[in-house]
Amino acid sequence: MRIKSIHLGATSIILFLMAACSNTEDLKVAVVDSDTHYKFSAQYNRAKTVTVQQYVNASLKPNRIFADHQEKIAKDIRLADGSVFRLESSPGDFSIEFGKKENSDASYENIRKICSGIKEIVTEK
């Protein structure tokens, strides 16, 4: 009986350590870039959420999209330069939908650059 309980305890500890050391969240980054739309989406480690949100705020100054440690946001954004897009963010999830016909080429390039930076943040090991 004592050996069974030691074996069960050891197995439990091993399983716990495996779960703690592995990232159970899958990393997924997707970009769809057509003639009319640009869409970026990322699923990543939740611990990087604040870093992503701070990067977006810094990239869009003087606009501020995220309040400090905001858990979830889903809204249409209009920037000071007239750019418009849909942004959704929650811990470990981020997406931007951008209509090219409603925005300038410069706005498109800026959004694409921001999304590239987000990709670098979330894929960093």
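The values are calculated or read from the model by the stated rules, or taken from the named source; none is laboratory data. Treat the numbers as computed from the prediction; the structure is a model and nothing was measured. Heads up, the Cβs are rebuilt from the backbone with ideal geometry, glycines too, and the neighbour counts pull from every protein chain shown.
Below are the figures for this structure:
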quantity: Verdict on residue 113 being out of contact with any strand residue (DSSP E or B) (no Cβ under 9 Å at 6 or more places or on another chain) and assigned to a loop (DSSP other than H, G, I, E, B); calculated: no
quantity: Residues of the stretch 72-90 classified as at pLDDT 95 or above, over 15 Å from residue 40 (Cβ atoms) and acidic (Asp, Glu), total; calculated: 1
quantity: Residue within the stretch 4-17 that is surrounded by 10 or more Cβ atoms within 10 Å (Cβ to Cβ) and at pLDDT 60 or above present; calculated: no
quantity: Matching residues in the stretch 66-94 - criterion: being touching a Lys or Arg at 6+ places or on another chain (Cβ under 7 Å) and within 18 Å of residue 37 (Cβ to Cβ); calculated: 76, 84, 87
quantity: Any hit, the stretch 42-49, residues being closer than 18 Å to residue 120 by Cα, touching a Phe, Trp or Tyr at 6+ places or on another chain (Cβ under 7 Å), at pLDDT 95 or above and surrounded by 14 or more Cβ atoms within 10 Å (Cβ to Cβ); calculated: yes
quantity: Some residue of the stretch 102-118 being surrounded by 13 or more Cβ atoms within 10 Å (Cβ to Cβ), farther than 15 Å from residue 29 by Cα and in contact with a helix residue (DSSP H, G or I) (Cβ under 7 Å, 6 or more places away or on another chain); calculated: no
